[in-house]
Amino acid sequence: MGHLDHIKATDPELFDMIRGEEQRQFDTIRLIPSENYVSLAVLEATGSILTNKYSEGYSGKRYYEGQKYVDQIEDLAIARACELFGADRANVQPYSGSPANLGVYFALLKPGETVMGMALPHGGHLTHGWDVSITGQYYRPTQYTVHPETHLLDYDALRDQAKKEQPKLIIAGATAYPRIIDFEAFASIAKEVGAYLLVDMAHIAGLVAGGAHPSPIPYADVVSTTTHKTLRGPRGGMLLMKEEVADTIDRAVFPGLQGGPHNHTTAGLAVALKEAATEDFKAYAHQIVANARALAEALKEKGFKLITDGTDNHLILIDATSRGTRGRKLAKVLNRCGIVCNMNTIPFDTRKPFDPSGIRIGTPSITSRGMKEKEMVKIAEFIDRSIDILMDKDAQKLVKAEVAEFCNDFPAPGIRLGDDE
Ligand code: DSN
């Protein structure tokens, strides 16, 4: 029996699509820094019968009967999250990162109150107060940027802005910032102006769990995260909270914002948190960073300009204009070469968000496949070669075949091609 046989029998059209995606994930060098490969154990939990159950409420206080096992599962996920990250309390119900952040806003702010977050084009997230987001429309955002020359966070400027704008909530955390974030500095600024501090560690949660990035837990009132990026869990969200704000935030998540939690996701998260507490995962987290550093160095040798000239974490922001192209074009050509990344604005970009100057790449997925520093040099070579064949689709096809051959030596967690043959 193959692992997708039931889908194949019921819905061959969909089977072909899932199988195609599975093949794509195996044959390509996946460099989108927010993506990963989950383990088979996480996949099994996520695909389990827990999807059949409704469980509005929290463990021990639900609105529906039949919660014996769901309560145990949610308690287990919470206990593992608190233990792994050293948090007072955890809420594992947010459907993903955006609802997790919105739960914090709903708990701690009234509409119209001021939130201070990193501007999207400088590496922040939509939910950090960007104008098209509900967080930028229902609250009063003041957005911070990176330093115009260094492209690093400027903590003195942040302090001045906080003093002037008097936010009720400061958000630290990013989706495209390649350096260590100083959470202690953020906490001291928040304390000085009497603001809550929310750290959105979605991108770096796995690095924090594995000790490869300083933890925000001692400094933040609340830490939000997705569970599927470097943490290598199922698609979902989680909040790690100080005792003082936890009850209010729990009420904001349910019943304030959401209905029944996704119990299959909670179970997948419990598995991922167990995996993330192992020595193997610590080694994985450190290898992500070592790989990113090696890839950054190899790219620099090929003449690519990197924002902040390198990386301390899992991601690299490349200024594609430094090699005579632009982000959108390069991302599309790389995709045709079997290397998958995303176009990205760079700080103070003069181009538009849908045709920006940069691309964003990262090492979580390729590190999950066991690639190491040696392979980073090879990947930099592939990226470099793509620049010479920007207009040559036949040459791009040849590189794609080479990339697939290269990937073939690295088993991908959770991918079971061939199981049903
Ligand atoms: N979409 C995520 C990322 O790629 O960074 C952020 O939510």
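The values are calculated or read from the model by the stated rules, or taken from the named source; none is laboratory data. These figures come from a predicted structure and were not determined experimentally. All Cβ positions, even for glycine, are placed from backbone atoms using ideal geometry, and neighbour counts span all protein chains on display. The protein model used for the area step is the full one, side chains on, heavy atoms only, and it has no ligands, DNA or RNA in it. Shrake-Rupley method; radii C 1.70, N 1.55, O 1.52, S 1.80 Å.
So which residues in the stretch 168-195 are away from the ligand (no atom under 16 Å from the Cβ), outside any helix (DSSP H, G or I) and open to solvent by less than 20 Å² (accessible area, probe 1.4 Å), if there are any at all? Residues satisfying the conditions are L169, I170, A195. Taking the stretch 298-314 as the range and being assigned to a helix (DSSP H, G or I) and out of contact with any Lys or Arg (no Cβ under 8 Å at 6 or more places or on another chain) as the test, the residues that pass are A298, L299, K300, E301, I307. Evaluated against (1) closer than 28 Å to I366 by Cβ; (2) in contact with a strand residue (DSSP E or B) (Cβ under 7 Å, 6 or more places away or on another chain); (3) within 16 Å of the ligand (Cβ to nearest atom), G129 falls short on exactly one condition, (1). Annotation for the stretch 110-126: no member residue is closer than 17 Å to A252 by Cα and buried (at least 24 other Cβ atoms within 10 Å of the Cβ). Would you call M343 surrounded by 20 or more Cβ atoms within 10 Å (Cβ to Cβ) and either more than 16 Å from the ligand (Cβ to nearest atom) or under 23 Å from G210 (Cα atoms) (or both)? Judged against the criteria, M343 is not a match.
Within the stretch 300-322, the set of residues being touching a Ser or Thr at 6+ places or on another chain (Cβ under 9 Å), small (G, A, S) and open to solvent by less than 10 Å² (accessible area, probe 1.4 Å) comprises A320 only. If you scan the stretch 315-367, which residues turn out to be in a helix (DSSP H, G or I) and of a type in the set (V, I, T)? Passing the criteria: T321, V333, I366, T367. All of (1) under 22 Å from the mean Cα position of the chain (by Cα); (2) in a loop (DSSP other than H, G, I, E, B); (3) farther than 21 Å from T150 by Cα hold for G418 with one exception: (1).
Annotation note: of R251, R235, the sole residue that is in contact with a His (Cβ under 9 Å, 6 or more places away or on another chain), surrounded by fewer than 20 Cβ atoms within 10 Å (Cβ to Cβ) and at negative phi is R235.
Identify all residues within the stretch 1-39 that are of a type in the set (A, V, I, L, M) and over 20 Å from the mean Cα position of the chain (by Cα); write none if there are none. Once the filter is applied, which keeps residues that are of a type in the set (A, V, I, L, M) and over 20 Å from the mean Cα position of the chain (by Cα), the stretch 1-39 yields M1, L4, I7, A9, L14, M17, I18. Against the conditions (1) within 13 Å of the ligand (Cβ to nearest atom); (2) open to solvent by 50 Å² or more (accessible area, probe 1.4 Å), where does S365 fall short? Just the number, please. Going through the list (1) within 13 Å of the ligand (Cβ to nearest atom); (2) open to solvent by 50 Å² or more (accessible area, probe 1.4 Å), S365 breaks only (2).
Look at T265 and say whether it is crowded, with 17+ Cβ neighbours inside 10 Å and under 30 Å from L109 (Cβ atoms). Yes, satisfied. The number of residues in the stretch 67-110 that are in a helix (DSSP H, G or I) and either within 16 Å of the ligand (Cβ to nearest atom) or not aliphatic (A, V, I, L, M) (or both) comes to 20.
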